[in-house]
Amino acid sequence: MKGLQRIGRSWLDVILPPQCPISGEVVGERGQIHPDVWSDVHFLDGAVCESCGVPFPYDPGEGAWCTSCLTYPPAYDQARAVMVYDDVSRGMVLSLKHGDRTDGLCTYAVWMARVGADLLRNADVIAPVPLHRSRLWIRRFNQSALLAGALAKEAAVPVVQDLLLRTRATPSQHGKNWKDRRTNVARAFRVNGRWQGHVSRSRVVLVDDVMTTGATVNACAKALKAAGVAHVNILTLARVVRPAHLPI
Ligand SMILES: [Zn+2]
């Protein structure tokens, strides 16, 4: 079977040579990032807020929280992202969103497992931020579910794709400020009835593609904690970083 898969893949590579999921240039293996692009990826591997994972322009020492988290402590425990959401990562996220280019998934999962190693170490379950049924029907793919599945495989942690349900189709968060986003997604999520009672005192890693203001993952964390989940940690591929936060 493995041999057949290999033959199938090599034929596929002849017809459709593996492309870099970011630049589209031909690469040696599926999911590989072209060396020219590598230096353009803005990885969040420096000092970050212990709580929300926003990068600090300087290292304030271990365990420091940003002003925003100190003022409005999030409902989740910790959030970490692989990279800054910018032109480069936008291309990755969009190709996942439209489901046409999923060959980068394995690479993204390796990156997420690395940046989230501490969060995944004692995790009981990985779950994606859900899409509402109506949006899933239009788009066919939930990119967060794709990422959650790939990460679960990489980190060897069970995944429950339907742990959370989106109870109403919220208008797009696009163009909304933090306060409006928070109102928009308030009480939009609940734990699926079939998992109620199974998650109490557990540690959940919630996966999303992009963290913008954190309003969505915060609403999800509230729903999970209301169901008795002990720890909710967030892992995303990218996160929006305001210019003031960008490391020099
Ligand atoms: Zn913070």
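Each reported figure results from applying straightforward, stated rules to the coordinates on display, with no laboratory input. Not measured: the values here are computed from a predicted model. Neighbour counts run over all protein chains shown; Cβ positions are idealised from the backbone, glycine included.
Tabulated data for the structure shown
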quantity: Contour minus Cα-Cα distance for Tyr72 and Arg242 (0.36 nm per residue); calculated: 59.5 nm
quantity: Nitroxide proxy distance, nm - points 7 Å out along Cα→Cβ at Arg168 and Asp86; calculated: 3.8 nm
quantity: Summed side-chain charge close to Thr167 - residues other than Thr167 whose Cβ falls under 9 Å, Lys, Arg +1, Asp, Glu -1; calculated: +4
quantity: Neighbour net charge for Asp40 - beta-carbon separation under 11 angstrom, K R +1, D E -1; calculated: -3
